[in-house]
Amino acid sequence: MQAVIGSMKEDEQLLVRETTADQMADLDEDELVELHTRVRRARDKYVKLYRRQSADRVKATGARGKAYARGSRDRDKAEVFEEALARVSRRLATAARAAARAFKAERIAEARAATFTPPPIPPSSGGRRDPRADQVGDRAPRTPDRLKRHATTRAATKRVQSRKDNR
């Protein structure tokens, strides 16, 4: 693998070096996404080259086995970039999970900080509150489909009950 990396162009070597753990340690999530995109493009480039040239070689040689050995450089470069992409993907997933945990903790802290005050008691109730006033009613929309489904369920229940009652 090192031999392949050593034979790459300087900008390709630099891109592979950027995917080491110590180079990615201080990158934030957006920078990791950008690096991921660059590495994926490099990998896709060499995969396309290998496939295209291999298809031409198969036509020329007449057999896939004979054509396989000749495309090793592009295939090896694609493999190097595939491993680099895997490293970046793992680091990006870790950063995304950490950002999600931080965002969730922030939302929970905001929710806990917000104080809930119940609505004032109306003077006509004699100072007592209706315990059902805090309950939320059915928030489901009243669609024709839902109304029919409820009516069908009620009718089926009544039919079952009437059969039991007539025994």
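Which of the residues belonging to segment 15-36 are in a loop (DSSP other than H, G, I, E, B), polar (S, T, N, Q) and either in contact with a Cys (Cβ under 6 Å, 6 or more places away or on another chain) or under 15 Å from A95 (Cβ atoms) (or both)? Spell out how you get there, then give the answer.
First pass over segment 15-36, keeping only residues in a loop (DSSP other than H, G, I, E, B): 18-20, 25-28.
Now restrict to residues that are polar (S, T, N, Q): 19-20.
Selection gives T19 alone.
Can you tell which of V47, V80 is over 13 Å from E12 (Cα atoms) and among the hydrophobic types (A, V, I, L, M, F, W, C)? It would help to see each step written out before you state the result.
Values: V80 fails: over 13 Å from E12 (Cα atoms).
Only one candidate passes the filter, namely V47.
Would you point out the residue of segment 64-97, among those that are under 17 Å from L35 (Cβ atoms) and of a type in the set (G, A, S), that is farthest from the chain's Cα centre (by Cα)?
Ranking the candidates gives A84 first.
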Pair list, Cβ under 8 Å, 6 or more apart: segment 29-54 residue acidic (D, E), other residue in a helix (DSSP H, G or I) and modelled with pLDDT of 90 or more: E29/L92; E29/A95; E29/A96; E29/A99
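For segment 48-104, how many residues meet the condition of being among the aromatic types (F, W, Y) and surrounded by 15 or more Cβ atoms within 10 Å (Cβ to Cβ)?
If we filter segment 48-104 for residues that are among the aromatic types (F, W, Y), which is where we start, we get 50, 68, 81, 103.
Okay, now just the ones that are also surrounded by 15 or more Cβ atoms within 10 Å (Cβ to Cβ), so 50, 81.
Residues in segment 48-104 being among the aromatic types (F, W, Y) and surrounded by 15 or more Cβ atoms within 10 Å (Cβ to Cβ): 2 in total.
The values are calculated or read from the model by the stated rules, or taken from the named source; none is laboratory data. Because the structure is a prediction, the values reported are computed rather than measured. So basically every Cβ, Gly included, is an ideal-geometry build from the backbone, and we count neighbours across all protein chains shown.
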